[in-house]
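Here is the structure we will look at, set down as structure tokens.
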Amino acid sequence: MISCIERRASPFKTSCLLLAVAIFGMTGCEDGSDPNAALEQRVDELVSQMTLEEKILQMAGSGSNGAPFSVPGVERLGVPAFEMSDGPRGVQAGGGTTQLPVGMMRGATWDPEVERRVGEVMGRELRAAGANILLAPTINILSHPSWGRAQETYGEDVHHLSRMGVAFVEGVQEYALANPKHYAANNIENTRFEVDVNVDERTLREIYLPHFRAAVLEGNAASVMTAYNRVNGQYCGENQHLVREILKTEWGFDGFALSDWILGTRSTVPSALAGLDIEMPVTMFYGESLLEPVVAGDVPEELIDDAIRRMVRKKLQFRLDEPSPVDASVIASDEHLAVAQEAAEKGAVLLKNDSAALPLDESALSRLAVVGLLADTPNTGDTGSSNTSPSFIITPLQGIEEAVGSALTIDHIGKDTLDPADEAVIQQADAAIIVTGLTSDDEGEGLIAAGDRLELGLSSERVALIQNVAALNPRTIVVLQGGSAITMGDWLPDIEALLMAWYPGQMGGHAIANLLFGDANPSGKLPLTIPRSVDDLPPFDAESTSVTYQYFHGYRHIDREGLDPEFEFGFGLSYTTFAIDELRADRSNAGADDVVRFSVDVTNTGSVAGAEVVQLYVTYPGSAVARANLELKGFKKVLLEPGETQTVEIKLPVNSLAYYDVAESAWVLEGLTHEVHVGTSSRDLPLSTTLTVEEARPVALY
Ligand code: BGC
């Protein structure tokens, strides 16, 4: 019976639907009839038994019922409630859950397989904590590193963001409903409740929406959260174009849309007509206020039925009224903590390593100075909605101390301003490790936390700390924390090594120690551009209530302007070296499924195991429209033992080279000889070939 019901989402692997059948009295389709039809039939049966009042009640949050945020079901019909909890770096509900590195650090892993497991960790812990919708992932593109919530998302590139977002959604949805957010163009914090984002249709389609489409069409996300801001004059929660036309009609999204929190819903009739299915977190515009226009015929009851059908469909698919499939023992289990540490080890980015300063060789050292206020301060990110409360956090100092044991002496100077005694200690040390960067006082969610970053550099006090330590000890290593790009020209030349450690989650201290001492080999790559100056980026106005988003940002902008970044998108060093050669292209399966398989041989030419990220970029010489000089279109991370060679294959769907033709309201693949460049960062692309599309053609949806 189970096989007769197709699940677009993949809750609970195989046994789920059988139970859904049992729970909701769904009867089978052993006769071989359309599996989806059986599900839809049961949805219809349930919805038809609901009164209008019962339906309307399900369209708004009702405060908290254990999990942070609840939305009622219909008890008499056995239709369970939704119970929601943030968020992107761990489950908030219950407390004591595993705290993972922030999204940006996970983006820096360039490893969707790890991200899928991260999603599974959160999905499992969410269900164990009694909730069923995880308010994550945050997949707003990083259009400017000043965005206060930069740390929650995965980076600045459309393709990379899509791959990471899909992986997370798939992982979560093994257990619970995911909720990609904030749809769409939510890229400023300070004015997020009112800012009107003016964005042309092509930019919207190519830069601000593809990752949402991927989350919905590929990841089968069960729900989507609309953003606070306006897009082209309309608040997202009542934006016909975004919700009704694109998300629900064009993409065929079969889940439901819920608003962002207070001020995320702005109206009754326009929101309902636009397709906003749930007002969160409590009733302000829906409830009674929605009942009246429905009764008066201003909101067709079919729209209400459609909203309820979407929710019930997902409740059936995810069998939400069953007891949780996991118990509390999964929360912060060793297995989950190991995933948190793995993500931190794989997401840290080694940005500088002069004279092979790293890894530190314990046997060649006797005294190590660990300096800075952040060395022994839990510093895991924003205190806004993405905050979680783990039962412990390993600081960098704790990690280092545990790693070295009694093998060497650690001199801890836990402050940012040095006195003469500190200076003497630093001078005598064999190496100085400074832990510094940003904290939740510098960046975070608007209004409830620090908001946008108005400067991209470190505070003058922290710059001075780095400069002072570097002047005292030639072997100065900086472990840098933060959730986004940090400009560093004023201190970078002074130091020997730099490890970007982001906000690494509760196991971060162990991960940092393993990387510093070579028990783990850095393999993270920047998921964003680190510019030399904020002036090298498009403007960012955190106080404006009306902004225009341009097509070019991040590396697309830097490349187009002919600027050199401090560190380019895709950059990251390793303790080993790699050779990459023999680019081949196989288009033998061209046709309906026009996918080119590019492959290269990657060899670990050093003496320790390490992972490299092969990156594939495309250029569009002679395009009829303005295009980025280079666009990431594929990547793959590969782990290699010393001396090992592996062939890495990257599949490129040719349709993904299309642009959005506004006049035709269609995706168009140009007849062009595209250049394809392959390498290990957006500025290190030694291998090239071409990919010719003979004739332009429209493309349905890529
Ligand atoms: C945030 C959302 C979050 C919600 C619930 C809002 O302020 O923008 O990302 O999920 O609060 O905490």
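The values are calculated or read from the model by the stated rules, or taken from the named source; none is laboratory data. Nothing here was measured: the structure is a model prediction, and the numbers come from that model. We place every Cβ from the backbone using ideal geometry, glycine too, and count neighbours over all the protein chains shown. Accessible surface is based on the protein model in full, side chains and every heavy atom, while ligands, DNA and RNA are left aside. Shrake-Rupley method; radii C 1.70, N 1.55, O 1.52, S 1.80 Å.
Miscellaneous remarks
- Condition met for residue 215 (under 23 Å from residue 81 (Cα atoms), among the aliphatic types (A, V, I, L, M) and touching a residue at least 60 places away in the same chain (Cβ under 8 Å)): no
- Enumeration of residues in segment 557-614 that are surrounded by 15 or more Cβ atoms within 10 Å (Cβ to Cβ) and at pLDDT below 95: 587, 594, 595
- Scanning segment 150-177 for residues that are within 15 Å of the ligand (Cβ to nearest atom), in contact with a Ser or Thr (Cβ under 8 Å, 6 or more places away or on another chain) and farther than 25 Å from residue 525 by Cβ returns a single hit, 177.
- Restricting attention to segment 229-246, the residues that are open to solvent by 10 Å² or more (accessible area, probe 1.4 Å) and either touching a helix residue (DSSP H, G or I) at 6+ places or on another chain (Cβ under 9 Å) or over 23 Å from residue 541 (Cα atoms) (or both) total 9.
- Answer from 406, 363, 385 - the residue that is farther than 26 Å from residue 471 by Cβ and within 16 Å of the ligand (Cβ to nearest atom): 385
- Contact annotation: residue pairs with Cβ atoms under 8 Å, 6 or more positions apart or on different chains, pairing a residue in segment 220-237 that is modelled with pLDDT of 95 or more and of a type in the set (Lys, Arg) with a partner that is more than 16 Å from the ligand (Cβ to nearest atom) and open to solvent by 10 Å² or more (accessible area, probe 1.4 Å), are 230/196.
- Inspection of segment 127-141 identifies at least one residue that is among the charged types (D, E, K, R) and not in a loop (DSSP other than H, G, I, E, B).
- If only residues of segment 654-670 that are open to solvent by 20 Å² or more (accessible area, probe 1.4 Å) and touching a strand residue (DSSP E or B) at 6+ places or on another chain (Cβ under 8 Å) are counted, the one that is farthest from residue 210 (Cα to Cα) is 664.
- Answer residue from segment 366-377, given it is part of a loop (DSSP other than H, G, I, E, B) and surrounded by fewer than 18 Cβ atoms within 10 Å (Cβ to Cβ) and is nearest to the ligand (Cβ to nearest atom) among those: 377
- Residue 85 being within 16 Å of the ligand (Cβ to nearest atom), buried (at least 24 other Cβ atoms within 10 Å of the Cβ) and of a type in the set (Ser, Thr, Tyr): yes
- Considered as a group, the residues in segment 66-80 that are closer than 30 Å to residue 339 by Cα and open to solvent by 30 Å² or more (accessible area, probe 1.4 Å) include one that is modelled with the lowest pLDDT, and that residue is 66.
- Filter result for residue 275 (in contact (Cβ under 8 Å) with a residue 40 or more places away in the chain, more than 23 Å from residue 664 (Cβ to Cβ), away from the ligand (no atom under 16 Å from the Cβ) and surrounded by 22 or more Cβ atoms within 10 Å (Cβ to Cβ)): no
- Checked across segment 679-687, the condition of being free of Cβ contacts under 8 Å to residues at least 60 places away in the same chain and either surrounded by 19 or more Cβ atoms within 10 Å (Cβ to Cβ) or under 24 Å from residue 351 (Cα atoms) (or both) holds for no residue.
- Annotation: residue 257 fulfils all but one of (1) open to solvent by less than 10 Å² (accessible area, probe 1.4 Å); (2) assigned to a loop (DSSP other than H, G, I, E, B); (3) of a type in the set (A, V, I, L, M, F, W, C); (4) within 16 Å of the ligand (Cβ to nearest atom); the unmet one is (2).
- Residue list for segment 302-328, filter: assigned to a loop (DSSP other than H, G, I, E, B) and either in contact with a strand residue (DSSP E or B) (Cβ under 9 Å, 6 or more places away or on another chain) or touching a residue at least 24 places away in the same chain (Cβ under 8 Å) (or both): 318, 319, 320, 321, 322, 324, 325, 326, 327
- Leading residue by the ranking (farthest from the ligand (Cβ to nearest atom)) among those in segment 388-401 that are buried (at least 20 other Cβ atoms within 10 Å of the Cβ) and under 16 Å from residue 414 (Cβ atoms): 400
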